[in-house]
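Engineer: Take this structure, written in structure tokens, and hold onto it; I'll ask about it next.
The values are calculated or read from the model by the stated rules, or taken from the named source; none is laboratory data. What you see is a predicted model, and the numbers here were worked out from it, not measured in a lab. Here the Cβ positions follow ideal geometry from the backbone for every residue, glycine too, while neighbour counts run over all protein chains shown.
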Amino acid sequence: MEHPHYNDVFVPTFSRTGAALVRGEGMYLFDADGKRYLDFGAGIAVNALGHSHPAIIAALREQGSLLIHSSNLYFTQPQYELAKLLSSMTFGGKVFLCNSGTEAIEAAIKFSRKWATGASKDKFHILSFYRGFHGRTYGALSATAQEQFHEGFGPLLEGFHYATFNDIAGTKEELDKHSYAAIIVEPLQGEGGVNPASKEFLSFLRNYANEKNIALVFDEIQCGLGRTGTVWCCEHYGTVPDILAAAKPLGGGLPLGAVVCKDHIASAISPGNHGTTFGGNPLACALGCVVLAIIAQPVFLAAVKKNGEYLRNGLARIAASHKGIKEIRGTGLLVGVEMAADPKNIIPQCKDAGLLVIKAEQNTVRFMPPLIVEEKDIKAALAIFEQVLVNGKL
């Protein structure tokens, strides 16, 4: 049962109900009443290795007994090891470590502008795309082209402009209007409804950025790090960004974000231009090294692809019998089910039945389980979801 005073002490930024969660194991979470939930939200794509993974627990114990925090005024070995891994697993760039996805986007904006305005003071504009989501702080919020997140928080920052995702002609028209420092895009939009970029669109952005000397920034905070069956979602497209932002699963459940920059952009940054107190703390970095080592294994990524296909096929079978489902979208284990109406009642009904899923825009239900999910877990999730649809006559 829900504690009667839980919400009395919090600013109401979240609408939370039910008993507190107290424990996690593998694919499951358990609340204070002992109820078990099959977790197909993974802490909003954070718990890539599920809950209480033995390798994560071992790293917590080992590094936690050595050093949890020092300062970015000094080197630590876990931080160095993680940065080496991130550089080698991307395009060999320089790494900045922070605490979250929104901080990674803030850094990407600052680095892009610092680099670009070195060539021209007018070259500060930033382009992003409708239905994209990049974070809640003012730079990241200004790059998030969804009015619902802006309401009540204006004025937003100067120099941010928006175009329609996957619309090459419209995007070119917008790009031609200003002198841009950066283009920020999710190769697979998550919060906006699980919308994949087209290969042609990302190729156009890469070519235009090359021609006009603009930094192309890929936001892989939700879609990266194994979620789509490759380490980075952009691998499906064969397109390499100038800056890559990562977070969510990177810290193994602890706050950790990262920005990887090509050398020509990193060379524009000097000591004092940017910083962070907690970013890249040794404990989170030790967990990050574990996460990267596991998710980069070919057999692990092959299982993500296989199970993602199994999930989409199962949802397609359900869709064939339920007119309430309009479309199924996604790649790997980031899958969206667009409903004919707002699924605001479906989400809590799934929770009541023991399944955690997450709402996204366009009336979409997001399925993004831990990457360790197995067919038996997917079967169980599909059975619960279908029963909820049957009960709701959808």
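Engineer: Just one of (1) without any contact (Cβ under 8 Å) to a residue 12 or more places away in the chain; (2) under 20 Å from the mean Cα position of the chain (by Cα) trips up Pro298, so point out which.
Structural biologist: (2)
Engineer: So how many residues does the stretch 83-116 have that are assigned to a helix (DSSP H, G or I) and in contact with a strand residue (DSSP E or B) (Cβ under 7 Å, 6 or more places away or on another chain)?
Structural biologist: Of the residues in that region, 15 qualify.
Engineer: I'd like the full set of residues that are under 19 Å from Leu244 (Cα atoms) and aromatic (Phe, Trp, Tyr), limited to the stretch 125-159.
Structural biologist: Phe129, Phe133
Engineer: Does the stretch 173-186 hold any residues that are crowded, with 24+ Cβ neighbours inside 10 Å and part of a loop (DSSP other than H, G, I, E, B), and which are they?
Structural biologist: Residue satisfying the conditions is Glu186 alone.
Engineer: Here is a follow-up. What do you reckon, is Pro369 of a type outside the set (A, V, I, L, M), part of a loop (DSSP other than H, G, I, E, B), closer than 24 Å to Gly50 by Cβ and under 23 Å from the mean Cα position of the chain (by Cα)?
Structural biologist: Details: of a type outside the set (A, V, I, L, M): yes; part of a loop (DSSP other than H, G, I, E, B): yes; closer than 24 Å to Gly50 by Cβ: yes; under 23 Å from the mean Cα position of the chain (by Cα): yes.
When the stated conditions are applied, Pro369 passes them.
Engineer: Would you check if there is a residue in the stretch 53-73 being under 21 Å from the mean Cα position of the chain (by Cα) and within 21 Å of Cys350 (Cα to Cα)?
Structural biologist: no
Engineer: State whether the residues of the stretch 155-163 include one that is charged (D, E, K, R) and surrounded by fewer than 22 Cβ atoms within 10 Å (Cβ to Cβ).
Structural biologist: Yes, that holds for at least one residue.
Engineer: In addition: How do the pairs read when you match residues in the stretch 49-64 that are farther than 19 Å from Thr76 by Cβ with residues anywhere that are surrounded by fewer than 21 Cβ atoms within 10 Å (Cβ to Cβ) and of a type in the set (Phe, Trp, Tyr), using Cβ under 9 Å and keeping only pairs 6 or more apart or on different chains?
Structural biologist: Gly50/Tyr28; His51/Tyr28
Engineer: How many of the residues in the stretch 41-82 are under 22 Å from Ala247 (Cβ atoms) and in a helix (DSSP H, G or I)?
Structural biologist: 17
Engineer: Tally up the residues in the stretch 176-225 that are more than 24 Å from Glu147 (Cα to Cα) and among the β-branched types (Val, Ile, Thr), please.
Structural biologist: Matching residues across the stretch 176-225 total 1.
Engineer: Does Val9 qualify as being over 26 Å from Pro369 (Cα atoms), aliphatic (A, V, I, L, M) and free of Cβ contacts under 8 Å to residues at least 12 places away in the same chain?
Structural biologist: Judged against the criteria, Val9 is a match.
Engineer: To continue, here is another question. Filter the stretch 251-289 for residues that are buried (at least 20 other Cβ atoms within 10 Å of the Cβ) and of a type in the set (Val, Ile, Thr); which is farthest from Asn72 (Cα to Cα)?
Structural biologist: Taking the candidates together, the pick is Ile265.
Engineer: If you go through the stretch 25-40, how many residues are more than 16 Å from Pro249 (Cα to Cα), assigned to a strand (DSSP E or B) and either among the acidic types (Asp, Glu) or touching a His at 6+ places or on another chain (Cβ under 9 Å) (or both)? Steps first, please.
Structural biologist: If we filter the stretch 25-40 for residues that are more than 16 Å from Pro249 (Cα to Cα), which is where we start, we get 25, 28-38.
Going one step further and asking which of them are assigned to a strand (DSSP E or B), we end up with 25, 28-31, 36-38.
Retained after the next criterion (residues that are either among the acidic types (Asp, Glu) or touching a His at 6+ places or on another chain (Cβ under 9 Å) (or both)): 25, 28-29, 31.
Matching residues across the stretch 25-40 total 4.
Engineer: If you check Thr76, Thr13, which single one turns out to be out of contact with any Phe, Trp or Tyr (no Cβ under 9 Å at 6 or more places or on another chain) and outside the structural domain of Asn210 (by TED's automatic domain parsing)?
Structural biologist: Thr13
Engineer: Shifting gears a bit: Taking Arg16, is it assigned to a loop (DSSP other than H, G, I, E, B) and on the phi < 0 side of the Ramachandran plot?
Structural biologist: On the way: assigned to a loop (DSSP other than H, G, I, E, B): yes; on the phi < 0 side of the Ramachandran plot: yes.
Yes: the conditions hold for Arg16.
Engineer: Can you report the number of residues in the stretch 325-341 which are farther than 12 Å from Gly193 by Cα and surrounded by fewer than 17 Cβ atoms within 10 Å (Cβ to Cβ)? Walk me through how you get there before you give the answer.
Structural biologist: Our first condition is that a residue be farther than 12 Å from Gly193 by Cα; within the stretch 325-341, this holds for 325-326, 331-333, 340-341.
Still in the running and surrounded by fewer than 17 Cβ atoms within 10 Å (Cβ to Cβ): 326, 340-341.
Looking only at that region, the number is 3.
Engineer: If you don't mind, another one. For a quick check of your reading of the model, give me the residue pairs whose first member lies in the stretch 324-338 and is at pLDDT below 95 and outside any strand (DSSP E or B), whose second is surrounded by 22 or more Cβ atoms within 10 Å (Cβ to Cβ) and not aliphatic (A, V, I, L, M), with beta-carbon atoms closer than 7 Å and at least 6 apart or on different chains.
Structural biologist: none
Engineer: Scan the stretch 253-310 residue by residue and report those that are among the small types (Gly, Ala, Ser) and more than 20 Å from Ile109 (Cα to Cα).
Structural biologist: Once the filter is applied, which keeps residues that are among the small types (Gly, Ala, Ser) and more than 20 Å from Ile109 (Cα to Cα), the stretch 253-310 yields Gly253, Ala284, Ala286, Gly288, Ala293, Ala296, Ala302, Ala303, Gly308.
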